[in-house]
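S.K.: Got a structure here, written out as structure tokens. Questions coming.
The values are calculated or read from the model by the stated rules, or taken from the named source; none is laboratory data. Remember, it's a predicted structure, so these values are computed and weren't measured experimentally. Here the Cβ positions follow ideal geometry from the backbone for every residue, glycine too, while neighbour counts run over all protein chains shown.
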């Protein structure tokens, strides 16, 4: 998916945005996404002690040297055992090169001579030997010799690590259990500490794509960026970093909104309780008719808030915010990471991901070259995604991958007819094949549904229902397109304050079709969960409502006060109305109990 399909707008990097934190660019070695605190690993050779020793200290330094060599060899053998089965055997044999250097007689004699003849302490002797080899090899225009210099430097660093006092070594370890490593060069020794694998991602100022360390990073799928200019002058110990190695960038200290959108699916979210035992699962009308009260969310904190109120499912998850943070297409890994975090936060509750619904007024250059004359009636929703298939494929692949961790559904916004639905299903099938080739787990059979918000979709709902797994109704958008009123125009706000008879007739038709074809139907939108409109929707047959987490409790309270039979009577009266003025009279009558007898 790295190439831009013919006719698509090239995806260009937008200027760095403060909300996303300081953005550093680098060369991807291993694609992927990692989040965590920075742990700096400054160059051990540069920090080695340069002190000289007295004559009677020479034997002690030689003994330290041979003990450190033995400890380093034992560590490498242990590391090879740990890597067995985790990386290809030929990649694990890279460590044999390091074992060979630890036994190299030239390396031994050079270090020992500096201790014996120049009375350098062991740390200084190793640093000088490695530094001399490093300078010589780097002057030679030969990649093999340069690689040898890198390997020898790694060996020297490994020996130096075994010379550290236990207290000093412990103090040098990062406080966080998992971390993003920031170092001058890509080094095998820095990829593993003495206790094992704790490196989530790697950032380096220098390094080669073909180095042994790079090969191991790819084998272990550690997201890695090299050639990050000014890295160690920029980051500090403990800085929070998002490494998006698929896109070749790292975000340093982004704000909470950006962090929430990338998310970390490995952190359990506690389920909160307000103390009185209320749960969205218990939503019922006054006479006991069950209503599924689900959540409509747009970020991870809202998922957590919804879960805390006992929702059975996330009825709608709006996916726009992650695209709006930088106004450029997030990478495959970024989307997969975030959607997996959403599924994890839902705690096993099904999540319905509504695909990106953005018109040209939202200023996303990867979807639209310029603002259209009438964005609301232009390329939006699924029609925009089908014209920019790269974006659609990334979203579908990411949702499929997230579906390996929990139940997911895919909702298509702004659908006109079955042709769009069929094409999305074809692309979904192709993305499954691609994920299978890559050996990545994914959801085999996610449900695919449509959002009814256009007149054409309403008239063709029977066909759409036959070919989809579920229906969603965006009451706000349906009102806008049926009545021809702009919902963003404050002067026309009154049209959305109460259901127009034509809108309720449309909803009643959708309920009948869904019931006839045995397809689930959910309703969402500000208009849908308004306390004035809820009784009429329930009376028209709606049994699944999606509300913002902050509105769930109030919606439940309205349902508790709504007797079903009276709601049905009121709905029929509204459907029979000829204008919205009569609707307003019915709303007033409901409030005062005039239409409940």
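S.K.: Against the condition crowded, with 23+ Cβ neighbours inside 10 Å and either assigned by TED's automatic domain parsing to the domain that holds residue 540 or part of a helix (DSSP H, G or I) (or both), how does residue 295 come out, does it pass?
M.R.: Numbers: crowded, with 23+ Cβ neighbours inside 10 Å: yes; either assigned by TED's automatic domain parsing to the domain that holds residue 540 or part of a helix (DSSP H, G or I) (or both): yes.
Here the answer is yes, as residue 295 does meet what is asked.
S.K.: Let me ask another. Go through 553, 531 for me and flag whichever is modelled with pLDDT under 95, assigned by TED's automatic domain parsing to the domain that holds residue 468, under 30 Å from residue 301 (Cα atoms) and touching a helix residue (DSSP H, G or I) at 6+ places or on another chain (Cβ under 7 Å).
M.R.: Residue meeting the stated conditions: 531.
S.K.: Could you check, for the range 557-565, whether at least one of its residues is crowded, with 16+ Cβ neighbours inside 10 Å, more than 23 Å from residue 509 (Cα to Cα), modelled with pLDDT under 95 and assigned by TED's automatic domain parsing to the domain that holds residue 496?
M.R.: Looking for residues that are crowded, with 16+ Cβ neighbours inside 10 Å, more than 23 Å from residue 509 (Cα to Cα), modelled with pLDDT under 95 and assigned by TED's automatic domain parsing to the domain that holds residue 496, one finds at least one in the range 557-565, hence yes.
S.K.: Give the residue that is farthest from residue 244 (Cα to Cα), with candidates limited to residues of the range 298-312 that are buried (at least 22 other Cβ atoms within 10 Å of the Cβ) and touching a strand residue (DSSP E or B) at 6+ places or on another chain (Cβ under 6 Å).
M.R.: That would be 311.
S.K.: Could you tell me which of the residues 263, 207 is buried (at least 21 other Cβ atoms within 10 Å of the Cβ), at pLDDT below 80 and under 20 Å from the mean Cα position of the chain (by Cα)?
M.R.: After ruling out the rest, the residue left standing is 263.
S.K.: Continuing with the same structure: What residue, of 535, 549, is more than 21 Å from residue 493 (Cα to Cα) and buried (at least 17 other Cβ atoms within 10 Å of the Cβ)?
M.R.: Working: 535 fails: more than 21 Å from residue 493 (Cα to Cα).
549 is the lone residue from the list that is more than 21 Å from residue 493 (Cα to Cα) and buried (at least 17 other Cβ atoms within 10 Å of the Cβ).
S.K.: Quick check on the range 509-524. Is at least one of its residues touching a helix residue (DSSP H, G or I) at 6+ places or on another chain (Cβ under 7 Å), crowded, with 19+ Cβ neighbours inside 10 Å and part of a loop (DSSP other than H, G, I, E, B)?
M.R.: No, there is no match, as no residue in the range 509-524 is touching a helix residue (DSSP H, G or I) at 6+ places or on another chain (Cβ under 7 Å), crowded, with 19+ Cβ neighbours inside 10 Å and part of a loop (DSSP other than H, G, I, E, B).
S.K.: Looking at the range 290-300, which of the residues that are touching a residue at least 40 places away in the same chain (Cβ under 8 Å) and under 17 Å from residue 353 (Cβ atoms) is farthest from the chain's Cα centre (by Cα)?
M.R.: 294
Residue-by-condition table, conditions (1) closer than 28 Å to residue 349 by Cβ; (2) modelled with pLDDT of 95 or more:
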position	(1), (2)
379	no, no
399	yes, yes
408	yes, yes
412	yes, yes
422	no, yes
